[in-house]
Each structure stands twice: as structure tokens, then as C-alpha cells.
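> This is the structure I have questions about; it appears just below.
The values are calculated or read from the model by the stated rules, or taken from the named source; none is laboratory data. The structure presented is a predicted model; accordingly, all values stated were derived computationally and were not measured. Every residue, glycine among them, receives a Cβ derived from its backbone with ideal geometry; neighbour counts consider all protein chains shown. What goes into the accessible areas is simple: the full protein's heavy atoms, side chains included, and nothing from ligands, DNA or RNA. Shrake-Rupley method; radii C 1.70, N 1.55, O 1.52, S 1.80 Å.
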Amino acid sequence: MDETRRDLLATGGKLLILTGAAGIGLDFVLAGEPEKAPNYDVMKHWWGMAIDIEKCIGCGNCVRACKAENDVPKEPFYFRTWVERYYVPDVDPREPHAEMQPKVDSPNGGYDGFDDVYRHEKSGKTFFVPKMCNQCAHSPCVQVCPVGATFESPDGVVLVDKSYCLGCRYCVQACPYGCRFIDPRTHTVDKCTLCYHRITKGLTTACCEACPTGARMLVDLKNPDDPIHEFLRSNKVQILKPQMATGAKVYYNGLDGSVR
Amino acid sequence: MLRDLYRDAEHLFRVVLLCVVGVLVFLVARAVAVPKGFGEYGHYRAPAIRDAAAKTPVFAGQAACAECHDDVLATKAAGAHRGVHCEACHGPLSAHAADPSAVEVALPDGRALCVTCHEQNASRPASFPQVVPSEHAGDDVCTECHVPHAPSVQ
């Protein structure tokens with residue numbers, strides 16, 4: 001009886017050691033070699049965008065280009081980028097304390113351009129503001145994702161792992177800029193990838209490619225020769241909702257205080 | 001004395017055995033369940049970065065246009081449209097860039113295209129050239145007077 005138990009324990013022990021080794025080995029086999037994109041080092045870039053509001057003419061080229069490039073649903077409520085039109089009335093000297101109420105509209109996200117509805121306004125000011133994912137360095141959408149399906153890549157782009165996304169919509173609610181939507185075809189979240197498939201191949205984004213006035217500029221903050229450094233130096237630049245400490249990397253020149 | 005102390009040690013072995021089996025089951029299950037590359041850069045699947053980069057571009061990019069159409073770019077360089085990339089007006093053409101004979105580039109409809117940018121709009125920066133098309137040209141087509149690649153008046 002004692003002999004049998006000893007044999008059993010000895011055999012069992014050997015099996016355990018073998019299984020353990022196999023388990024750890026399996027871990028390595030499944031993890032595999034980390035894969036890298038050819039000729040692109042994620043550690044050598046830090047992407048963002050500069051938008052010059054004083055150059056935006058509201059033509060909608062960026063919105064159309066984005067939808068064409070990224071296969072965004074054509075319905076008028078799915079956008080990776082869109083253009084807003086602001087109308088800010090003058091301060092009324094009789095009621096200077098009244099809260100400023102800008103009018104904001106974005107018919108079909110600016111996809112079809114804008115009718116000149118403010119042509120008869122004698123007062124106030126009106127301008128266009130292109131909007132997109134701000135590629136936050138401390139992104140609220142990443143913080144709320146329960147499964148690690150959305151993340152900040154090492155080169156500073158907020159991406160979505162569609163094979164991992166549950167479609168729970170936490171990130172849609174968390175984004176302070178309203179940049180996310182649920183794709184009706186996949187029921188997973190979709191957003192601007194800063195044309196990650198283009199910028200990793202040395203191209204610029206589709207919106208920058210299509211912008212006729214150069215109002216948008218793709219920028220690589222890790223590149224010392226990038227014009228962004230001169231842009232930031234020579235302009236009064238602001239990000240959207242700086243009070244939320246999102247680390248937004250879309251830098252606006254000429255951003256009015258009324259823009260939300 | 002020592003013998004007495006370890007006399008009933010078998011059930012201790014059993015507990016240890018169970019713990020070891022538990023740890024092993026966990027390790028194997030973890031190896032199977034955690035996807036490849038998870039945690040390499042952070043709390044996400046590292047190959048998802050490669051997935052995002054895998055798509056084929058739809059817009060070819062200005063450099064691709066310049067490979068063949070340097071004559072057009074030379075014309076453009078002298079005019080006000082020098083900063084406007086080809087695909088801003090001609091649309092996405094990576095298929096044409098990959099095989100120029102496969103996709104014929106359709107000429108854009110001059111009038112409809114030009115007003116996309118140049119129709120009068122109060123929200124546009126005042127310095128940007130804008131017209132009310134009916135007052136500016138009646139029913140005439142823009143290209144009767146303007147050269148799109150270098151749009152001064154002929």
C-alpha cells in the first residue's frame with residue numbers, strides 16, 4: 001500500500017513537472033514573436049493634427065474624403081470628421097451680462113457643404129470649425145473601455161481593436177468631443193484612426209489630402225523638422241476643452257472662446 | 001519525535017498537490033485564453049496596431065500623382081491652386097495610380113466643383129476669393145474664362 005502510494009506520488013510529480021513546463025511553453029508558443037509593420041517604427045512617431053480655423057472654408061472636402069477613405073456609413077449621423085458652423089452674436093450693450101449663446105449647426109456634418117444662411121446678418125461673426133478625434137494622450141475613452149479594445153498606440157493614435165470591442169458604448173459616452181459612434185454593420189465602435197493605414201505608409205491623412213486650403217495639417221511631434229513646431233511657436237494655439245485634461249493633440253489656431 | 005511530527009503528513013501533500021494542480025490549470029487556461037501580443041505595449045492586443053495599418057489607401061497621395069503628371073504640377077505651381085492636391089478636385093484615385101490604364105480619370109463638372117469652394121458664404125474667411133455665381137458669370141461655365149490648374153482669367 002505504502003509502496004503504491006509512493007509510486008503514484010512519484011509518477012504524479014513527474015507528470016506535474018512536465019505539464020507545468022508544457023503550460024509555460026504553450027504560453028510562449030501562443031504569444032509568438034511581436035510583429036512589426038515594415039519600415040515603420042511605432043516608437044519614433046507621436047501623431048497629432050493642426051487645424052487653422054482661419055483657413056477653413058467649409059467646403060466639406062474633408063468629410064467626403066474621410067467617408068470615401070474609411071468606408072464610413074453614408075447616413076448623416078455617422079462621421080469620423082465633420083465641420084461645424086458657428087454663429088456668435090454681438091454682445092448686446094443693453095444686456096452685457098447675458099450669457100453668450102452661439103448658434104451651431106452642421107447639416108449632414110458638412111458633407112454637402114453649407115448654404116449661406118447668414119448672408120443677411122449685419123452683426124455677429126460666423127466661422128467654420130472642423131472636428132475630429134483629438135487623439136488624446138490621456139483619453140477618457142481608453143480609460144472606460146472594460147476589455148482593452150480601445151487604446152493609445154505607442155505613436156499617439158487612439159485606435160479600436162474591432163475583434164475585441166463588445167459594443168458596450170461606454171467610450172461613446174466618455175468621449176468629451178463626441179467623436180465616436182457604433183457602426184451599424186458591425187455593432188462595434190468606430191472612430192477616426194488618423195488614417196493609420198496611410199500615415200504608417202508615409203502618406204498624409206485623407207482629410208489633409210483633400211483639404212484645398214491647407215487648413216488641416218497632419219503633424220508628427222517627435223519629428224524635430226515637422227512644421228508643427230513652427231506652427232505652435234508662431235501662432236496662438238488652443239486645444240478643445242483644455243479643462244478636461246485629456247491631453248488632446250489636435251491644435252487649433254484661431255479657436256474662438258465660444259467653440260465647445 | 002520527528003517521525004511522529006510527520007506521521008500524518010499525507011493529507012498535507014494532498015492539499016499541496018491540489019494547489020499545484022490549480023496553478024497549472026490557471027497557467028494553461030491563461031496561455032490559451034490571452035490573445036497573442038496582449039500586454040506587449042499596454043492593456044490591449046498589440047497586433048491590433050498592425051490590423052489598423054493593414055487597410056489599403058483609397059487616396060493615392062500627391063507624390064503618386066507627381067510621378068507621371070509633373071507637367072500639370074508645373075502649371076499648378078505658378079497659380080493660386082498650387083497648394084491644392086490633385087485628389088481634392090479629381091477624387092480618390094489610388095486605383096488609377098496602381099494601374100493608370102485600368103481607371104480612366106473623369107473630368108470634374110467645372111461649375112458644380114468650383115462653387116463648392118468659391119460660392120459666396122458669410123462663414124468663409126473674408127480673404128478667400130468668393131463669388132455669387134449668377135452675378136459673376138450668369139449661366140457661363142467657369143472654365144470658359146478660368147484655367148482650373150492656374151485659375152487666373154485668360
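> Scanning for something touching a strand residue (DSSP E or B) at 6+ places or on another chain (Cβ under 7 Å) and part of a strand (DSSP E or B), does the range A:106-116 turn up at least one residue?
From the range A:106-116, those touching a strand residue (DSSP E or B) at 6+ places or on another chain (Cβ under 7 Å) are A:106, A:109-110, A:114; that's our starting set.
From the residues that got through so far, the ones that are part of a strand (DSSP E or B) too are none.
No, the range A:106-116 contains no residue that is touching a strand residue (DSSP E or B) at 6+ places or on another chain (Cβ under 7 Å) and part of a strand (DSSP E or B).
> Follow-up. Within the group A:D190, A:D220, which residue is over 14 Å from the mean Cα position of the chain (by Cα) and closer than 30 Å to B:C89 by Cβ? First the steps, then the outcome.
Details: A:D190 fails: over 14 Å from the mean Cα position of the chain (by Cα).
Unique residue meeting the criteria: A:D220.
> Another question about this same structure. Of all the residues that make up the range B:38-52, how many are surrounded by fewer than 16 Cβ atoms within 10 Å (Cβ to Cβ) and within 7 Å of another protein chain (Cβ to nearest Cβ)?
Restricting attention to the range B:38-52, the residues satisfying the condition of being surrounded by fewer than 16 Cβ atoms within 10 Å (Cβ to Cβ) are B:39-40, B:42-43.
The next check asks that each one be within 7 Å of another protein chain (Cβ to nearest Cβ); those that pass are B:40, B:42-43.
Residues that pass the stated criteria total 3.
> Sticking with this one: Considering only residues that are touching a Ser or Thr at 6+ places or on another chain (Cβ under 7 Å) and not in a strand (DSSP E or B), look in the range A:74-98 and name the one that is nearest to A:R185 (Cα to Cα).
Of the range A:74-98, the ones touching a Ser or Thr at 6+ places or on another chain (Cβ under 7 Å) are A:82-90.
From the residues that got through so far, the ones that are not in a strand (DSSP E or B) too are A:89-90.
On the way: A:P89: 41, A:D90: 44 Å.
Residue satisfying both the conditions and the ranking: A:P89.
> Need a quick list: helices (runs of 4 or more DSSP H) entirely within the range B:1-114 having at least 1 residues that are under 30 Å from B:D139 (Cβ atoms). Give the steps one after another, and end with the answer.
Numbers: elements: B:2-5, B:10-33, B:47-53, B:62-68, B:70-77, B:86-90, B:94-98.
Output list reads B:70-77, B:86-90.
> Continuing with the same structure: Determine whether the range B:120-130 contains at least one residue that is within 22 Å of A:Y111 (Cα to Cα), touching a residue at least 12 places away in the same chain (Cβ under 8 Å) and either surrounded by 14 or more Cβ atoms within 10 Å (Cβ to Cβ) or away from every other protein chain (no Cβ under 12 Å) (or both).
yes
> Being open to solvent by 80 Å² or more (accessible area, probe 1.4 Å) and without any contact (Cβ under 8 Å) to a residue 40 or more places away in the chain is the requirement here; does B:V34 meet it? Explain how you work it out, then say what you get.
Values: open to solvent by 80 Å² or more (accessible area, probe 1.4 Å): no; without any contact (Cβ under 8 Å) to a residue 40 or more places away in the chain: yes.
For B:V34, the condition - open to solvent by 80 Å² or more (accessible area, probe 1.4 Å) and without any contact (Cβ under 8 Å) to a residue 40 or more places away in the chain - is not met.
> Could I ask something else about it? Check whether at least one residue in the range A:113-124 is within 18 Å of the chain's Cα centre (by Cα) and among the charged types (D, E, K, R), and report yes or no.
no
> If you don't mind, there's one more thing I want to ask. So is A:K122 open to solvent by 20 Å² or more (accessible area, probe 1.4 Å) and either part of a loop (DSSP other than H, G, I, E, B) or away from chain B (no Cβ under 13 Å) (or both) or not?
Numbers: open to solvent by 20 Å² or more (accessible area, probe 1.4 Å): yes; either part of a loop (DSSP other than H, G, I, E, B) or away from chain B (no Cβ under 13 Å) (or both): yes.
Spelling it out, A:K122 is indeed open to solvent by 20 Å² or more (accessible area, probe 1.4 Å) and either part of a loop (DSSP other than H, G, I, E, B) or away from chain B (no Cβ under 13 Å) (or both).
> Let me ask something additional. Test of understanding: among A:V172, A:V250, A:V189, which residue is over 30 Å from A:D90 (Cα atoms), β-branched (V, I, T) and surrounded by 20 or more Cβ atoms within 10 Å (Cβ to Cβ)?
Numbers: A:V172 fails: surrounded by 20 or more Cβ atoms within 10 Å (Cβ to Cβ); A:V250 fails: over 30 Å from A:D90 (Cα atoms).
Unique residue meeting the criteria: A:V189.
> Take the range B:101-119 and flag every residue that is within 21 Å of B:G61 (Cβ to Cβ) and surrounded by fewer than 14 Cβ atoms within 10 Å (Cβ to Cβ).
B:S101, B:A102, B:V103, B:E104, B:V105, B:A106, B:L107
> Would you check which residues across the range A:228-247 are exposed (fewer than 13 other Cβ atoms within 10 Å of the Cβ) and either within 20 Å of the chain's Cα centre (by Cα) or closer than 18 Å to A:G156 by Cα (or both) and list them?
To start, the set of residues in the range A:228-247 that are exposed (fewer than 13 other Cβ atoms within 10 Å of the Cβ) comprises A:230, A:233-234, A:236, A:242-243, A:245.
A:P242, A:Q243, A:A245, listed by residue number.
> While we're here: Filter the range A:94-106 down to residues that are within 21 Å of A:V83 (Cβ to Cβ) and without any contact (Cβ under 8 Å) to a residue 24 or more places away in the chain and give me whichever is surrounded by the most Cβ atoms within 10 Å (Cβ to Cβ).
Narrowing the range A:94-106 to residues within 21 Å of A:V83 (Cβ to Cβ): A:101-106.
Narrowing further to those that are without any contact (Cβ under 8 Å) to a residue 24 or more places away in the chain: A:101, A:103, A:105.
On the way: A:Q101: 9, A:K103: 14, A:D105: 11.
Result: A:K103.
> Kindly evaluate B:A29 against the criterion of being over 19 Å from A:Y196 (Cα atoms) and of a type outside the set (D, E, K, R).
Details: over 19 Å from A:Y196 (Cα atoms): yes; of a type outside the set (D, E, K, R): yes.
In short, yes.
> Just the residues that are open to solvent by 90 Å² or more (accessible area, probe 1.4 Å) and not aromatic (F, W, Y), please, taken from the range B:9-24. Don't jump to the end; show me each part of the working.
So the first thing to find is which residues in the range B:9-24 are open to solvent by 90 Å² or more (accessible area, probe 1.4 Å), and the list is B:11-14, B:18.
Within the range B:9-24, B:H11, B:L12, B:R14, B:L18 meet the criteria.
> Filter the range B:70-88 down to residues that are surrounded by 14 or more Cβ atoms within 10 Å (Cβ to Cβ), more than 8 Å from every other protein chain (Cβ to nearest Cβ) and free of Cβ contacts under 8 Å to residues at least 60 places away in the same chain, then give me how many there are.
2
> Just one of (1) in contact with a His (Cβ under 6 Å, 6 or more places away or on another chain); (2) crowded, with 18+ Cβ neighbours inside 10 Å trips up A:C141, so point out which.
(1)
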